[in-house]
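Step one of this worksheet: look at the structure below.
The values are calculated or read from the model by the stated rules, or taken from the named source; none is laboratory data. What you are looking at is a predicted structure, and each value in this text was computed from that prediction instead of being measured. Here Cβ is always computed from backbone atoms with ideal geometry, including for glycine, and neighbour counts include all displayed protein chains. Areas reflect the complete protein model, heavy atoms only, side chains present, ligands, DNA and RNA absent. Shrake-Rupley method; radii C 1.70, N 1.55, O 1.52, S 1.80 Å.
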Amino acid sequence: CISHWNKFMRNFIKKFKINRGKPDASLIYQAIVRQSREVQFYTKCGVPDTPTGRFELISLHSFVFMKRLKVLGGEAEALSQALFDYMFADIDINLREMGVGDIGVGKKIKSLAAAYYGRIKSYETALKKGESAIKESLTRNLYCDEKPTERQLSAMTVYILALSEVTNKLNLQQISAVDFIFPLPLDEKAG
């Protein structure tokens, strides 16, 4: 029953996007999810391997790409919005798979969206201020209630800076086509 619902929702999302003329953000979102599932984030970088930890990693990656898309402007901004919409539609599906009911899903999505907007502000500010601010933001957001080691925190900071550097060089076509390589989640010097 759940798999039928998921197929229905994915088809609905696809049709909704086509009917509304939105860009297709599915490829970039799938790449973000794949990268966020990279085992080193959990085993070596100390990100909690929980639904919350996975949401935080997806949010962090999505933020970096949406930030770049907004800078590019025009069609890229529309892709940024489509990526946000796709991400939260997928979260909706996943919450339902975990057994959250219709009423609960709406409340949870609203709460997660508010959390995401808080993360955006925190990460944007941190990237402008540098490594120390990035570490503080990651500790507060990505690691939730966990306490990462300095080595884990340094590795994630290096990773975020590398990811930002990669995305800052990408154009709309490269992002849309996922024509780039993610940096390694664990810098060899920090690991």
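Side notes on the structure shown:
- Among the residues making up segment 92-132, those that are more than 15 Å from the chain's Cα centre (by Cα) and either of a type in the set (Ser, Thr, Tyr) or not in a helix (DSSP H, G or I) (or both) are Met98, Gly99, Val100, Gly101, Ser111, Thr125, Gly130, Ser132.
- Leu60 falls short of the stated requirement of being within 22 Å of Lys121 (Cβ to Cβ), in contact with a Leu (Cβ under 7 Å, 6 or more places away or on another chain) and open to solvent by 60 Å² or more (accessible area, probe 1.4 Å).
- Residue selected from segment 34-56 under the condition in contact with a Leu (Cβ under 7 Å, 6 or more places away or on another chain), under 13 Å from Leu186 (Cα atoms) and not β-branched (Val, Ile, Thr), by the criterion surrounded by the fewest Cβ atoms within 10 Å (Cβ to Cβ): Gln40
- Restricting attention to segment 29-51, the residues being in a helix (DSSP H, G or I) and either under 12 Å from the mean Cα position of the chain (by Cα) or hydrophobic (A, V, I, L, M, F, W, C) (or both) number 10.
- Meets criteria (modelled with pLDDT of 95 or more and either over 16 Å from the mean Cα position of the chain (by Cα) or basic (Lys, Arg) (or both)) for Lys135: yes
This table checks each residue for (1) over 18 Å from Ile28 (Cβ atoms); (2) open to solvent by less than 40 Å² (accessible area, probe 1.4 Å).
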{"residue": "Leu79", "(1), (2)": "no, yes"}
{"residue": "Tyr86", "(1), (2)": "no, yes"}
{"residue": "Leu95", "(1), (2)": "yes, yes"}
{"residue": "Val105", "(1), (2)": "yes, yes"}
{"residue": "Ser111", "(1), (2)": "yes, no"}
{"residue": "Leu163", "(1), (2)": "no, yes"}
{"residue": "Thr167", "(1), (2)": "no, yes"}
